[in-house]
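> One structure, pasted below without further comment.
Coordinate-derived values only; no laboratory data. Everything numeric in this text was worked out from a predicted model, so none of it was measured. Cβ placement follows ideal geometry from the backbone for every residue including glycine, while neighbour counts extend to all protein chains displayed.
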Amino acid sequence: MFEGFEETAVELPGARIRVRTGGSGDPLLLLHGYPQTQAMWAPLAPVLAQSHRVVLADLRGYGGSLCHDGDFSFRAMAADQVALMRHLGHDRFDLVAHDRGARTAHRMALDHPAALRSVALLDILPTLDVWRVMDDWLAIRYYHWTFLAQPGGLPEKLVNAAPVAFLHAVLAGLSGPVETFAPEAMAEYERAAATPSVVAAWCGDYRAAAGVDLEHDRADLGRQVDIPCLVLWGSRSVVAHHLDPVATWRAWFPQAEGQAVEAGHFLAEERPAEVLAAVARHLGRAARGDQIVI
């Protein structure tokens with residue numbers, strides 16, 4: 001999937017992060033979400049590597065990465081990625097992220113604003129807003145938010161009993177037929193899902209999002225990060241059902257702009273050309289230092 005990219009693993013405080021790097025130019029970090037790995041970027045990364053030094057990383061505990069200290073907060077995940085980029089020689093970089101990776105990006109912008117030149121957030125609303133608008137309609141579609149957050153190890157036991165079936169149900173429920181995903185990517189997602197430590201990471205991630213992550217975000221209410229911000233969402237996803245995504249994100253990123261893509265939740269794999277075009281425009285604006293007019 002990533003011909004010409006080099007793969008390695010980097011030991012960091014609390015985690016071991018699997019990373020692929022390729023291309024040359026301004027540094028660009030790509031972060032995946034649940035229940036995926038960096039394989040989701042296969043349709044975009046080779047093209048982006050023609051103009052950028054592309055870094056693909058698995059979040060701690062996900063895919064080929066490991067979590068050593070049991071901390072699955074977005075604060076810990078963000079610190080991992082900043083440390084990884086510094087290890088690779090990049091003190092400041094652009095970031096394009098989907099789902100849990102995009103929540104990591106939000107936290108990174110708040111905790112490490114000097115590290116980011118720009119950010120692109122794919123198919124999410126701020127974590128606080130998701131919980132605020134959670135009603136019966138959204139709870140049915142986002143059931144994993146409460147299921148995986150349950151304590152005591154029960155979600156792990158249930159998922160590990162049929163991990164691939166659970167994975168397919170999640171992907172289909174959020175996007176559509178599993179045939180949407182490239183066979184090579186699906187094989188990697190299935191291997192990850194069949195790994196108990198990855199399932200534990202999924203649960204740890206969602207437990208943090210129902211607890212400590214909310215505390216961190218509430219403490220930062222009112223803070224803004226004035227960098228270029230692209231917001232993309234699937235027109236068939238749930239993100240725009242309750243709130244205007246761009247207006248909602250402007251509370252945190254006043255330069256936010258964006259649009260819907262004719263897709264479900266996994267828009268980078270469902271509509272890679274449209275996502276790539278939007279990301280390329282966004283990165284060009286960030287490189288030029290353009291400001292948007294609200």
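> Take the alpha carbon atoms of region 65-144, find their center, do the same for region 184-201, and report the distance between the two centers in whole angstrom.
Here the two parts' Cα centres lie 20 Å apart.
> Grab the other residues whose beta carbon is less than 9 angstrom from that of MET85, score K and R as +1, D and E as -1, and report the net.
Values: positive: ARG86, ARG92; negative: ASP91.
Net of charged neighbours comes to +1.
> For GLU274, GLU215, what's the fewest-to-most ordering of other Cβ within 10 Å of each Cβ?
GLU215, GLU274
> For ALA120, which sequence-distant residues (separation of 5 or more, or a different chain) have an amide H within less than 5 Å of its own amide H, given hydrogens modelled in the peptide plane?
Hits under the 5 Å cutoff: LEU95, VAL96, ALA97, LEU230.
> Each residue of region 181-196 in order: what ³J(HN,Hα) in whole Hz does its phi give by Karplus 6.51 cos²θ - 1.76 cosθ + 1.60, θ = phi - 60°, with x for Gly and Pro?
These are the phi-based 3J(HN,Hα) values: 8, 4, x, 5, 5, 4, 4, 5, 4, 5, 4, 5, 4, 7, 9, x Hz.
> So for each of 95-105, 164-174 I average, over its residues, the number of other beta carbons within 10 Å; can you give me the resulting order with the highest mean first?
Highest to lowest by the protection proxy: 95-105, 164-174.
> Net charge near CYS203, counting Lys/Arg +1 and Asp/Glu -1 over other residues with Cβ under 11 Å of its Cβ? Before the final figure, lay out each step's value.
Values: positive: LYS157, ARG207; negative: GLU156, ASP205.
Value of the local net charge: 0.
> Further question: Work out from phi, with θ = phi - 60° and the Karplus expression 6.51 cos²θ - 1.76 cosθ + 1.60, the ³J(HN,Hα) of each residue of region 127-141, listed in order in whole Hz, and give x for Gly and Pro.
My calculation for region 127-141 gives 4, 4, 6, 4, 5, 5, 9, 4, 10, 5, 4, 6, 4, 5, 7 Hz in order.
> Let me ask something additional. Go ahead and set up a Gaussian network model of the chain, Cα springs under 10 Å, then flag whichever of GLY222, GLY25, GLY211 fluctuates most.
Ranking GLY222, GLY25, GLY211 by mean-square fluctuation puts GLY222 first.
> Continuing with this model, one more query. Check ASP26: other-chain or 5+ apart residues with amide H under 5 Å from its amide H, H built from backbone geometry?
The answer is ARG53.
> Now, a different point. For LYS157 and ALA277 in the same chain, what is the full-extension length gain: residue separation times 0.36 nm, less their Cα-Cα distance, in nm?
39.1 nm
> Hey, rough spin-label estimate for ASP226 and ALA247, points 7 angstrom out along Cα→Cβ, what's it come to in nanometres?
2.4
> Moving on. So if I place +1 on the C-beta of Lys and Arg and -1 on the C-beta of Asp and Glu, and nothing else carries charge, what would the dipole magnitude of the chain be about its Cα centre? I want it in debye, nearest 20.
Numbers: 25 positive and 35 negative charges, 74 e Å.
The calculated dipole for the chain is roughly 360 debye.
> Expected output is a single nm value to one decimal: the length gained when fully extending between ALA219 and ALA139, i.e. 0.36 nm times separation in residues minus the C-alpha distance. What is it?
This chain segment gains 26.3 nm when fully extended.
> Taking the Cβ-Cβ separation of ARG288 and THR146 as r and a Förster radius of 25 Å, what is the calculated FRET efficiency to the nearest 0.05?
Working: r = 43 Å, r/R0 = 1.72.
My answer for the efficiency is 0.05.
> Okay, moving on. Determine, for each peptide in 39-46, 109-116, the mean count of other beta carbons within 10 angstrom over its residues, then list the peptides with the highest first.
Highest mean packing first, the order is 39-46, 109-116.
> Select from LEU48, LEU243, LEU66 the residue whose mean-square fluctuation is largest in a Gaussian network model of the chain (Cα-Cα springs shorter than 10 Å).
Among LEU48, LEU243, LEU66, the largest GNM mean-square fluctuation belongs to LEU243.
> Okay, next question. Let me have the relative contact order for region 6-288, percent, based on Cα pairs under 8 Å that are six or more residues apart. Mind showing how you got there, number by number?
Working: 528 pairs, mean separation 57.3, N = 283.
Relative contact order, region 6-288: 20 percent.
> How high is the relative contact order of region 45-134, given as a whole-number percent (alpha carbon pairs under 8 Å, six or more residues apart)?
Relative CO of region 45-134 lands at 24 percent.
> For every other residue with a beta carbon closer than 13 angstrom to the beta carbon of PRO245, add +1 if it is Lys or Arg and -1 if Asp or Glu, then tell me the sum.
Around PRO245, the charge tally is -3.
> If you take every DSSP beta bridge fully contained in the chain, what fraction is antiparallel? Give it as a percent rounded to 5.
Percentage antiparallel, nearest 5: 35.
> As I understand it, the dipole of the chain uses +1 on the Cβ of Lys and Arg and -1 on the Cβ of Asp and Glu, about the Cα centre. Which of LEU121, HIS90, GLY258 lies farthest toward its positive end?
HIS90
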